Structure formats: structure tokens, C-alpha cells
Amino acid sequence: MEIRQLRCFMSVAEHLNFTKAASRVFITQSAISYQIAELEKQLDVKLFIRDKHSVRLTPAGEVFYQDVQRILAELDEAVDKVRMTKSGSLGKLSIGVLASEPFLPETINRFNIAHPNIAVTLNRFPIDALNTAMERGEVDIGITISVGLAEMPNYRVHVLAADVLSVVMRNDHPLAQRERLTVTDLKDQPMILINREASSVMSKWFEGFCAKRGFIPNVVRRTSDLETILFQIESGLGISCLSRARVALYPRFNLRCVDFEEPEMAINSVVVWRDNCDNPAVGLFLREMGIV
């Protein structure tokens, strides 16, 4: 049984006239008669009663008409959805972030208004989990920092904003009055860092810089939560090295950020997406961000 046969059947059932039905599906009357005959042969049942003056459905034809009408409507809907998905007007988009980016709510709102049939999900991850989610295809677009991206060669990267890794401390800390610091200045300082389970990428990156200066950082505490780190710093339990832009998202903490002298301590806030991505919603969202 072919879809063409079902469409021929529906045309005859709706017009109850073979000539009009054939015209509707753009074939000859003999061709549509052949299609109906083949369909009846396959079903082993008469679908129409035909005489010299009229055409009408048999009881079996009436039942078949109701089901075929539903099947073809669902098929047409499925075809429409496929075409809409290909064009990007229907689908799903998953966005992963490290932190609550100030620009995202308005960007997502504009995107939802422009593309109401694309379901957007937004999830916050530690950096390692975000990288893993992107590699598994669970996240279409990542908004992250430019650390560890060399290990993800199949991704495209767009810089959103320049950022730096700063030493974060209380205002009354002995190093707080310095204009710039070196990595070596942190030797023997009690450090509070992101734990390795949450961010092995950041840990390896920062600890690698310390190793090049000939020391191992004096890590007294580790935690997976940035806000907890800031609370502990303000409590005088240690200092940390954090993104200046990320710290700025928590203005309630009265802390001092001092940048490093070393230019290699600069980091960027970036948008990352898979090269040759087959989800058209990605391109639409990047365009909303003004990237492509």
C-alpha cells in the first residue's frame, strides 16, 4: 500500500466523482481508477459502489475513509514539522552557562518572540561539566571562559568580552594595596580554590602557572560554588584567583580584585558551539546575539 494510493482514495471519497478526483491529484481518470482497483485488491474489500449515475462509499469504505483522513493529516503534519525543523523555525536549543550572564535574559526573550516554536533550555554547569555536555551533544551553545578550549578542537569560539584572572581578597589584606601582582606573590598565601571535581580544567591551568614559578599553591579550602568562595574570602579564611567579570556579578561582597602582571593570566568570556553543527536553531540564536 502506497501513500499515492491513499491520496487517490481520499480524492475519490471526497468528490464521489472519478473525473473530478483525478483532476484534483493531477492524473488521468484511468490512472486513478487503476489505483483504486489496486487498493481494493490489496485490502480484499470493495471501497466504492459504482454505477452509471453515482459513486458512493461502502460501509468498509466509510470506516477506511475516517482512518485514512487521520493518517494523512498526521503525515502532513509530520512533513511540515520536518521542513520547519530544517529551516530552524521549529526545534530545540540547549544553552549551557557557567554563570548568570546579564545579557542572556533579554537575548532569550527576543529569541522566543521571534521563534516561538523553538524550545530553549538554559542550564548552569561547572566548567568541566559544561565541556562534557557540549562534547556529548547535550548542549548546543556554551557560554564559558577561554580555558581548556585547546582540548576541544571541533568547536568554534567567539569572544564576548575580555576578562582577566584576578587575585580576590579582603580590602584589608596586605596585598590589597598593590596595583598588580605576580603569580609568585601568591606563594605561601592561603588559597581558596574551585575543587578539582567541579573544575579540573581551571585547577590544572592555574596550578600549572604556579609550578612554572617553582611552587605549589597553599590550598587551604576547595569548594564547587563561587558564591561560597567569596563568602569565605570575606570571612578572612584565604584569598583566591577568580575571573574579575564573574566576581563583579556578586556586588554584595566587599572585596578587592588585583590583576596579574603576567599577560598570560588574561582570559576571555566566550561563546562556543560545535563546528558544522546540524541544528539550525544554533545559527538563529547566534544571529540574535549579533555573532553571525
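Bear in mind that the values in this text are calculations on the coordinates, not laboratory data. Keep in mind that this is a model prediction, so the values were computed, not measured. Cβ coordinates were reconstructed from backbone atoms using ideal geometry, including for glycine residues, and neighbour counts include every protein chain displayed.
Assorted remarks:
- All other residues whose Cβ lies under 13 angstrom from that of Asp163 are scored, Lys and Arg at +1 and Asp and Glu at -1, for a net of 0.
- Just so you know, the Rg over Rh for region 3-87 is 1.03, from Cα atoms, with Rh as the Kirkwood radius.
- Column: log10 I(q)/I(0), Debye, Cα scatterers of region 147-273, q = 0.16, 0.22 Å⁻¹: -0.80, -1.50
- Unit charges on C-beta of K, R, D, E only; dipole of the chain, Debye: 480
- Gained length - Glu262 relative to Glu14, 0.36 nm times residue gap less alpha-carbon distance: 81.4 nm
- Between the amide H of Phe48 and those of Thr58, distances stay under 5 Å, these residues lying 5 or more places away or on another chain, with hydrogens modeled in the peptide plane.
- Over the chain, volume per residue of the alpha carbon convex hull, in Å³: 180
- Segment Asn117-Glu135, extension gain: residue separation times 0.36 nm, minus the distance between their alpha carbons: 3.9 nm
- Difference of contour (0.36 nm per residue) and Cα-Cα distance, Lys212 to Asp185: 8.4 nm
- Surrounding net charge for Ile3, when Lys and Arg each add one and Asp and Glu each subtract one, Cβ distance under 13 Å: -1
- Positive contributions from Lys and Arg (+1) and negative ones from Asp and Glu (-1), summed over other residues with Cβ under 12 Å from the Cβ of His115, come out at +2.
- Fewest neighbouring Cβ atoms within 10 Å first, the residues Val63, Val167, Val55 line up as Val63, Val55, Val167.
- Approximate spin-label separation Lys81-Val220, in nm, with each point projected 7 Å along Cα-to-Cβ: 5.8
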